[in-house]
Amino acid sequence: NAPNTEVYKNAHCSWGRFFSQYYWPLGEKTTCLQIGSLGRLPHHFSAWNTQITSSFHTSPLYQAAPIFWIIVKPAQKLLAIILGRSIRKWWRTLPPNKRELLKESARRNKWKILLGVSVLGVLFVVFYFTHLEETPITGRARLLVFGKEHFRELSQMEYEMWMEEFKGKMLPETDERYRAVEVLFDHLSESNKDIPQISALKWVIHVVDEPDVNAFVLPNGQVFVFTGLLNAVSDIHQLSFIFGHEIAHAVLEHAVKKASMVHFLDFLSLIFLTMIWAICPRDSLAIVGQWIQSKLKEFMFDRPYSRTLEAEADKVGLQFAAKACVDVRASSVFWQQMELAETMQGVPKLPEWLSTHPSHENRAEHLDRLIPEALKIRESCNCPSLSGPDPRLIFKLARQDMLKTPKDQETPNSTKQELSKPKLDFPH
C-alpha cells in the first residue's frame with residue numbers, strides 16, 4: 001500500500017538497470033525509471049521475439065502429484081480391463097439355458113438392481129459434497145481429496161526433481177537479473193501480505209538460464225523463472241502480472257484441486273471402463289471404446305476444468321498486481337502480444353476446447369473486463385496515478401502499423417539477424 005510505494009520505486013530502479021542491458025539502444029542512459037514510465041511497448045516485434053513468445057506457458061508441466069498415481073493408476077486400469085474381459089469370457093462360456101435364466105432373474109429383480117445402482121450413485125454424491133471446501137479469496141467451492149500437508153510434502157519431491165534437472169543452469173544471486181526478479185517478487189508478496197496464504201509461505205526464487213518462455217510456482221513456495229520470459233516481456237508491469245498469476249495458482253491451491261478432481265473422475269471412469277470391456281464383443285472394439293471414453297473425459301471435464309483454473313488465476317493474479325501498484329492495463333496487452341506473435345508466424349488457431357488454457361484472444365478480453373475493478377483496487381491502495389496513454393491503445397496502434405508493413409521489404413540478411421538473439425542495441 002502507501003508504504004510500499006518506495007519499495008516499488010526501488011524495484012523499478014533495479015529492473016530498469018536490468019532492462020537497459022537488453023532492450024534500450026546503446027547511448028541511451030537509463031538510471032531509475034519512475035512509476036508509470038514502464039508502460040511503453042515496443043514499436044515493433046522482432047522475428048526472434050515473435051518466435052519465442054509463441055511457446056509461452058505458465059505453471060509446471062507436471063503438477064505436484066502423489067507418487068502412487070504413477071503406479072496405481074495404470075494398475076487400476078489394467079484391473080478394470082481384466083475384470084471386464086473376464087466377465088465377457090464368462091458370459092460366452094455359459095450355456096444358452098443359463099444365460100436365459102440369468103436374464104430372467106435380472107428382469108424379476110430389476111427394481112432391486114436399480115436401487116443398488118442408485119445407492120452407489122448417492123454414495124458418490126455424498127462423497128463429493130463432504131469433500132468440498134471453500135477456495136481462499138474467491139470463496140468458490142472446490143473438491144479436495146488429498147490432505148494439503150501431505151501434498152506439500154510431495155511438492156517438495158517435485159522441487160528436488162526440478163532442481164536436479166536445472167542443475168548448472170541457475171543464475172547466481174549476484175546476477176542482476178536474479179536481483180531484479182527477487183525485488184519484484186518480494187514487492188508483490190509484501191504488498192499482499194494481508195492474505196494469510198501468502199504470508200504463511202516462504203517464497204524462494206530460482207532464475208533458470210533457459211530460452212523457454214516460462215515461469216511457475218510450486219505449492220511449497222518455490223518460484224522458477226526462465227530467462228526466456230525476461231527476454232519476452234515488454235515491461236515490468238507485464239512480468240508483475242505473470243508473477244501474480246503464478247502466486248494465485250499457489251495460493252488458490254490449484255495443484256491440489258486439479259489432482260483431486262482428476263482422481264475423482266478417474267475413479268468413476270474405472271466403472272465405465274469395466275463395462276466397455278465386458279460389453280464389447282471383441283478386444284479391438286473395446287480398445288476403440290476405451291479411447292473414446294478417455295477423449296470424452298478429457299474434453300468434457302479435464303480441459304474445461306483446467307481453463308477454469310487458469311481464468312481464476314488471471315482474476316486473482318490481477319488483484320495481487322493491482323495491490324502492488326502495477327499498471328494492470330498491461331496484463332491484457334501481454335496476451336494480445338501472444339496472439340499477434342502466432343498471427344505473424346501463421347500458426348493455425350485451434351478451437352479453445354482443444355486446449356488446457358483459454359485462447360490468447362479470450363484471455364485478453366477477460367482481463368479487459370476485469371481491469372476496471374483492478375484499477376479501483378489499485379486506487380484504494382493509495383497507488384500513484386497512472387500517467388501517459390493507455391498501453392492497450394499504444395499496442396493497438398503499433399499492431400496496426402506492424403501488420404501494414406509489407407513482408408517483402410525485409411531483406412534476407414535482416415531476417416536472419418532478427419531471428420538471432422538480440423544484442424545490446426536491440427530496439428525497444
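The values are calculated or read from the model by the stated rules, or taken from the named source; none is laboratory data. Everything numeric in this text was worked out from a predicted model, so none of it was measured. Because the Cβ atoms are built from the backbone with ideal geometry, glycine has one as well, and the counts that use them run over all protein chains shown. Surface accessibility is based on the protein's heavy atoms, side chains included, excluding ligands, DNA and RNA. Shrake-Rupley method; radii C 1.70, N 1.55, O 1.52, S 1.80 Å.
Odds and ends about this structure:
- Of W111, P95, P74, farthest towards positive along the dipole that unit charges on Lys, Arg, Asp, Glu beta carbons give the stretch 67-134: P95
- Size-normalised alpha-carbon gyration radius of the stretch 213-299, reference 2.2 N^0.38 Å: 1.69
- Across K315/K396; K202/K258; K73/K297; K202/K297; K73/K110; K258/K376, pairs whose alpha-carbon gap is larger than 27 Å: K202/K297; K73/K110; K258/K376
- Order by protection proxy (mean Cβ within 10 Å, highest first), peptides 111-124, 83-96: 83-96, 111-124
- Shape of the stretch 168-227, Cα gyration tensor, a/c cut at 1.5: prolate
- Rounded to 5, percent antiparallel among DSSP beta bridges of the stretch 192-243: 40 percent
- Rh (Kirkwood; distinct C-alpha pairs) - the stretch 67-134, Å: 15.5 Å
- Only Lys, Arg (+1) and Asp, Glu (-1) charged, at Cβ; the stretch 113-261 dipole about Cα centre in debye: 620 debye
- Check: the stretch 67-134 dipole with +1 on Lys, Arg Cβ and -1 on Asp, Glu Cβ, in debye: 720 debye
- Distance (nanometres) between label positions extended 7 Å along Cα→Cβ at E379 and I87: 6.2 nm
- Spin-label pair L123/W353, simplified geometry with 7 Å Cα→Cβ offset, distance in nm: 3.4 nm
- P(r) weight above 25 Å for the stretch 148-400, C-alpha pairs, percent: 53 percent
- Solvent accessible area, Å² - R107, 1.4 Å probe, full protein context: 130 Å²
- Per-residue SASA remark: L296, around 90 Å² accessible (1.4 Å probe; ligands, DNA and RNA not included).
- Loop trypsin sites (Lys or Arg not before Pro), the stretch 322-370 (other Cβ atoms within 10 Å of the site Cβ: 15 or fewer; DSSP): K349
- The stretch 148-400 - percent relative contact order, Cα under 8 Å, separation 6 or more: 17 percent
- Of F272, F185, the residue with the largest accessible area leads and the full order is F272, F185 (1.4 Å probe).
- Test item: Cα-centred dipole of the stretch 148-400, Lys/Arg +1 and Asp/Glu -1 on Cβ, debye: 680 debye
- Calculated FRET value between N97 and L285, using beta carbons and R₀ = 25 Å, to 0.05: 0.40
- Sparse packing (at most 15 other Cβ atoms within 10 Å of the Cβ) combined with a DSSP loop state is found for the following GluC sites (Glu not before Pro) in the stretch 97-185: E173.
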